[in-house]
Amino acid sequence: MDPQVDPIRHYSLYGEFEQLPDVMHCESIAARSALHDWELAAHRHAHLHQLLLLRRGAGRVQLDDSRFALAPGSLLNVPPGTVHALRFEPGSDGFVVTWTQSMLDELLGSDPRVSLGLARPWVASSEPSLDTVALQLAEEYAARSPARALVLRGLGCALLARAARLRAGGEAAMQAAPDSRLLKGFDALLEAHFREHWRVADYARALAVTPTHLSRVLRGLTGASASGLIDARLVREARRQLAFTNLRVASVAYALGFADPALFSRVFTRAAGCSPRAFRRQLDVRQAR
């Protein structure tokens, strides 16, 4: 199998994979869900970051291999690359706000602590202040007022920052400003090179720091070692492929850059606590319930 061919479906808005025709995109949950019988099959966006705020109704979401029930006030953070599937009760509504990753970097470049709070997928309960900003953003997006792009940028920053505060442990994460730029740089390199099995020294060299310094900073910000984060990224992608494709375990291993499927199984088992085949059996049992 060609490792560059991703069997998991990708969706994008307006058929544009790397850029949107506006500062952001904002639409109601009902606008798209109602067209698909209130269910969106598992997919991911390569370059788009989304926040979904459910204001009315209920539903369920799958983020990678985790599932969550949704109630009014649920806020979903869906970074690029996250495989997600959604099902809403008919009549549900709220907002879906989408940014390209490049626009997100531009908006949050002055405060990488917010990026840190949005780097992983999560579901949280919203708060009134965030709901107010989302309403203002939706109204501004629908209008064509003077200085619209500038206002959307400001409201977008406010929405993203308030969302980052809701992340579990977000306050602690947002206190770690001095070294969070290094984490952001590491995350970007990891996303680009995890299939190449870069070592800690490779990432440190690209970031112009020593492996010891990189490991110390990453452990302080995330609680995990650099090597642990590298393995976790490989295993996260493996879990996605095992959960959302019918690829054989060996094919998943080769797609992730492993020359030996047995080594892949050992790495996966060490990180996930079960073998790839056992992981798939557990998913089958959960889905049958």
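The values are calculated or read from the model by the stated rules, or taken from the named source; none is laboratory data. What you see is a predicted model; the values in this text were computed from it and never measured. No Cβ is skipped: glycine too gets one built from the backbone with ideal geometry, and neighbour counts run over all protein chains shown.
Only one of these is modelled with pLDDT of 95 or more and surrounded by fewer than 18 Cβ atoms within 10 Å (Cβ to Cβ): 55, 32. Name it. Walk me through it before giving the result.
Values: 32 fails: modelled with pLDDT of 95 or more.
Testing whether each residue is modelled with pLDDT of 95 or more and surrounded by fewer than 18 Cβ atoms within 10 Å (Cβ to Cβ) leaves just 55.
Taking the condition under 21 Å from the mean Cα position of the chain (by Cα) and modelled with pLDDT of 95 or more, does residue 159 pass? Before you say what the answer is, go through the steps one by one.
Working: under 21 Å from the mean Cα position of the chain (by Cα): yes; modelled with pLDDT of 95 or more: yes.
In short, yes.
Got a sec? Which of 231, 202 is farther than 29 Å from residue 278 by Cβ, in contact with a helix residue (DSSP H, G or I) (Cβ under 8 Å, 6 or more places away or on another chain) and surrounded by 14 or more Cβ atoms within 10 Å (Cβ to Cβ)? Talk me through it step by step, then tell me what you get.
On the way: 231 fails: farther than 29 Å from residue 278 by Cβ.
Criteria check complete, one pass: 202.
Across the stretch 243-267, what is the total count of residues that are over 19 Å from residue 190 (Cβ atoms), assigned to a helix (DSSP H, G or I) and touching a residue at least 60 places away in the same chain (Cβ under 8 Å)?
4
I'm trying to understand the selection: among the residues of the stretch 57-78, which are farther than 22 Å from residue 128 by Cβ and not in a strand (DSSP E or B)?
Of everything in the stretch 57-78, those that are farther than 22 Å from residue 128 by Cβ and not in a strand (DSSP E or B) turn out to be 64, 65.
Confirm whether residue 90 is more than 25 Å from residue 180 (Cα to Cα), in contact with a Phe, Trp or Tyr (Cβ under 6 Å, 6 or more places away or on another chain), surrounded by fewer than 22 Cβ atoms within 10 Å (Cβ to Cβ) and not small (Gly, Ala, Ser).
Against the criterion (more than 25 Å from residue 180 (Cα to Cα), in contact with a Phe, Trp or Tyr (Cβ under 6 Å, 6 or more places away or on another chain), surrounded by fewer than 22 Cβ atoms within 10 Å (Cβ to Cβ) and not small (Gly, Ala, Ser)), residue 90 qualifies.
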